[in-house]
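Single-structure report; data block below.
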Amino acid sequence: MDYDSAERSVFAEEDIARILLELAAVATDHTSLRSWAADPGVQLDRVVAMEALTYVRLAVRDEHGEPIVLMLLDGTWERIL
């Protein structure tokens with residue numbers, strides 16, 4: 001999915017929710033996260049894809065200027081605040 005992050009520096013909660021839904025559908029473990037991260041449709045600052053630790057940090061910020069970190073915890077993608 002293309003989120004036009006190259007043209008935006010801020011993502012709304014709706015954008016973050018869409019990414020979480022996409023990750024839940026296609027990145028169910030650290031291995032499939034690597035595949036998603038190869039063409040995520042959004043700029044990434046960091047991808048950590050290990051069995052013990054799996055998360056992404058987006059290059060864009062949220063509406064409050066905070067970083068957007070999404071982590072796979074117990075099989076569920078969540079935003080880490």
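Kindly list the residues of segment 44-67 that lie in the label zone of residue 38, defined by a backbone N under 16 Å from the point 7 Å along the Cα-to-C-beta vector.
Only 49 pass the distance filter.
Treating the beta-carbon of each Lys and Arg as +1 and of each Asp and Glu as -1, no other charges, what is the dipole magnitude of segment 10-80 about its Cα centre, to the nearest 20 debye?
So the dipole magnitude of segment 10-80 works out to roughly 240 debye.
Using a Gaussian network model on the chain with a 10 Å cutoff between Cα atoms, which of 33, 53, 44 fluctuates the most?
53
Candidates (1) 31, 24, 19; (2) 61, 22, 14; (3) 62, 26, 12; which is the computed Cα extents along the principal axes in Å?
Here Cα extents along the principal axes in Å agrees with entry (1).
So for 28, 76, 54, fewest C-beta neighbours within 10 Å to most, what's the order?
76, 28, 54
Quick one: net charge around residue 52, please, counting Lys, Arg +1 and Asp, Glu -1 for every other residue with C-beta under 13 Å from its C-beta.
-3
Residues of segment 7-26 with the amide nitrogen closer than 13 Å to a label point 7 Å from the Cα of residue 63, along Cα-to-Cβ, please.
10-17
Which of 42, 47 comes first, and how do the rest follow, when ranked by fewest Cβ neighbours within 10 Å?
Taking fewest neighbouring Cβ atoms as first place, the list is 47, 42.
No value in this document is a laboratory result; all are computed from the given coordinates. Given the structure is predicted, the values throughout are model-derived calculations rather than measurements. Cβ coordinates were reconstructed from backbone atoms using ideal geometry, including for glycine residues, and neighbour counts include every protein chain displayed.
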